[in-house]
Amino acid sequence: MATGKMTERVKCLIIGSGPAGYTAAIYAARANLAPVLYTGLRAGGQLTTTTEVENFPGYPEGVTGPVMMEDMRKQAERFGTNIRFGIVTSVDFSAAPREVTIDGGQTIAADAIIIATGATARYLGLPSEERFRGSGVSACATCDGFFYRGKDVAVVGGGDTACEEAIYLSGLCREVHLIVRKNHLRASKVMQQRVFDAPNINVLFEHNTVELFGTDMGLEGVRLARRAGEPDASFTEIRVDGFFLAIGHVPNTDIFKEYLQLDAAGYIITEGTSTRTNVPGVFAAGDVMDPVYRQGITSAASGCKAAIDAERYLVMGC
Ligand code: NDP
């Protein structure tokens with residue numbers, strides 16, 4: 001335990017406010033664990049950057065991501081979850097009770113901790129991408145698409161996210177170029193069909209982004225390589241004002257890596273079908289431990305499991 005500073009003691013601490021965090025909070029609060037939940041930087045998590053959610057059971061007409069997350073927050077609060085805005089900046093899991101530091105200052109000791117910190121959008125890693133971040137480059141069409149109304153944009157990626165972003169942008173922008181590195185989309189058939197049906201989405205298969213260009217005023221276009229390395233390789237430029245990344249995510253596990261077992265991609269490893277990590281009393285739920293399913297509903301389900309696992313641990317010590 002830290003000495004010389006005020007340490008708040010809580011029974012159950014939940015880190016993260018996506019479907020996993022809020023569902024864990026609903027279950028933990030109803031089990032009298034008096035959960036304290038820290039939202040992280042983006043309260044509501046990744047779903048707040050989504051448009052329509054059509055596959056979460058219970059919403060026959062669909063629901064927007066932000067509305068669904070607001071509903072979950074209210075439900076968690078209704079049963080007494082103490083929801084706080086703040087970021088866990090470091091942890092000390094070397095002894096029980098486990099400790100976390102909030103915003104680099106206050107320390108909290110918790111008997112059980114549920115990690116539901118989710119994952120963050122991946123970038124290509126081009127220096128020119130860095131240059132135009134915030135002035136043309138974005139990883140969230142729902143957040144930033146509005147700025148490109150009537151303009152031409154590009155989306156990179158071939159999964160469900162890329163298709164969803166392209167479809168959303170096609171309703172706002174003049175033309176949307178979907179840059180796909182393979183000769184096929186990885187997205188579900190229904191999303192693919194929507195992309196192919198949209199009159200203003202131009203799918204560029206077998207294209208890779210080489211460089212972004214523009215001025216200090218912002219992005220002006222993208223240089224692309226088609227079938228790079230092949231005998232018929234070619235290079236083109238497209239003029240776009242916006243460039244949206246949709247190439248997957250990285251789990252938010254940096255602050256835990258000293259203590260928790262992670263897989264090669266950085267996801268927290270849990271024991272069997274449980275949410276138990278290698279540290280007793282520390283549980284993981286949602287996208288932070290799930291490289292496979294990564295759905296709102298599967299995250300919510302693992303949040304539920306984490307709260308039940310935490311309750312068992314607190315009551316029975318296992
Ligand atoms: P995915 O991992 O499914 O897809 C990532 C895409 O980005 C792939 O097409 C991949 O190409 C491409 N990619 C990766 N790295 C690069 C790179 N360096 N350059 C160019 N392209 C690259 O991520 P998503 O975010 O799309 O989806 C994650 C999960 O969430 C999936 O399970 C998906 O089904 C789900 N999802 C569901 C939605 C829904 O049901 N409404 C909406 C959004 C997501 P390649 O195919 O060549 O590997």
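Residues in the stretch 23-41 that are without any contact (Cβ under 8 Å) to a residue 12 or more places away in the chain and either closer than 14 Å to Glu70 by Cβ or open to solvent by less than 10 Å² (accessible area, probe 1.4 Å) (or both): none.
Please work out if Asp144 is farther than 30 Å from Ala306 by Cα, in contact with a Cys (Cβ under 7 Å, 6 or more places away or on another chain) and among the acidic types (Asp, Glu).
Working: farther than 30 Å from Ala306 by Cα: yes; in contact with a Cys (Cβ under 7 Å, 6 or more places away or on another chain): no; among the acidic types (Asp, Glu): yes.
It is false that Asp144 is farther than 30 Å from Ala306 by Cα, in contact with a Cys (Cβ under 7 Å, 6 or more places away or on another chain) and among the acidic types (Asp, Glu).
Condition (residue is away from the ligand (no atom under 16 Å from the Cβ), of a type outside the set (Ser, Thr, Tyr) and either in contact with a Phe, Trp or Tyr (Cβ under 8 Å, 6 or more places away or on another chain) or part of a helix (DSSP H, G or I) (or both)) applied to the stretch 195-205: is it met by at least one residue? Yes: one or more hits.
In the stretch 219-238, of all residues being small (Gly, Ala, Ser) and away from the ligand (no atom under 12 Å from the Cβ), the one that is nearest to the chain's Cα centre (by Cα) corresponds to Gly221. Counting only strands (runs of 3 or more DSSP E) that sit wholly inside the stretch 242-318, those with at least 3 residues that are touching a Ser or Thr at 6+ places or on another chain (Cβ under 9 Å) and more than 25 Å from Thr89 (Cβ to Cβ) are 242-245.
Being over 22 Å from Ala141 (Cα atoms), open to solvent by less than 10 Å² (accessible area, probe 1.4 Å) and either without any contact (Cβ under 8 Å) to a residue 40 or more places away in the chain or in a strand (DSSP E or B) (or both): is that true of Ala20 here?
Values: over 22 Å from Ala141 (Cα atoms): yes; open to solvent by less than 10 Å² (accessible area, probe 1.4 Å): yes; either without any contact (Cβ under 8 Å) to a residue 40 or more places away in the chain or in a strand (DSSP E or B) (or both): no.
In short, no.
Being in a strand (DSSP E or B) and of a type in the set (Asp, Glu) is the filter here, so list the residues in the stretch 221-241 that pass it. Reasoning before the result, please.
Restricting attention to the stretch 221-241, the residues satisfying the condition of being in a strand (DSSP E or B) are 221-226, 234-239.
Result: Glu237, single match.
Pro280 fulfils the conditions (1) in contact (Cβ under 8 Å) with a residue 60 or more places away in the chain; (2) open to solvent by less than 60 Å² (accessible area, probe 1.4 Å) except for a single criterion, (2). Restricting the stretch 1-17 to residues that are small (Gly, Ala, Ser) and modelled with pLDDT under 95, the residue that is surrounded by the most Cβ atoms within 10 Å (Cβ to Cβ) is Ala2.
Applying the condition of being under 12 Å from Ala162 (Cβ atoms) and small (Gly, Ala, Ser) to the stretch 239-257 and asking which residue is farthest from the ligand (Cβ to nearest atom) yields Ala246. In summary, Asn208 fulfils each of the numbered conditions (1) outside any strand (DSSP E or B); (2) free of Cβ contacts under 8 Å to residues at least 40 places away in the same chain; (3) open to solvent by 10 Å² or more (accessible area, probe 1.4 Å); (4) within 10 Å of the ligand (Cβ to nearest atom) with the single exception of condition (1).
With the structure loaded, tell me whether Thr49 is surrounded by 15 or more Cβ atoms within 10 Å (Cβ to Cβ), in contact (Cβ under 8 Å) with a residue 40 or more places away in the chain, under 14 Å from the mean Cα position of the chain (by Cα) and outside the structural domain of Ile167 (by TED's automatic domain parsing) or whether it fails that test. It is true that Thr49 is surrounded by 15 or more Cβ atoms within 10 Å (Cβ to Cβ), in contact (Cβ under 8 Å) with a residue 40 or more places away in the chain, under 14 Å from the mean Cα position of the chain (by Cα) and outside the structural domain of Ile167 (by TED's automatic domain parsing).
The values are calculated or read from the model by the stated rules, or taken from the named source; none is laboratory data. Given the structure is predicted, the values throughout are model-derived calculations rather than measurements. Heads up, the Cβs are rebuilt from the backbone with ideal geometry, glycines too, and the neighbour counts pull from every protein chain shown. Side chains included, ligands, DNA and RNA excluded: accessible areas come from the protein's heavy atoms. Shrake-Rupley method; radii C 1.70, N 1.55, O 1.52, S 1.80 Å.
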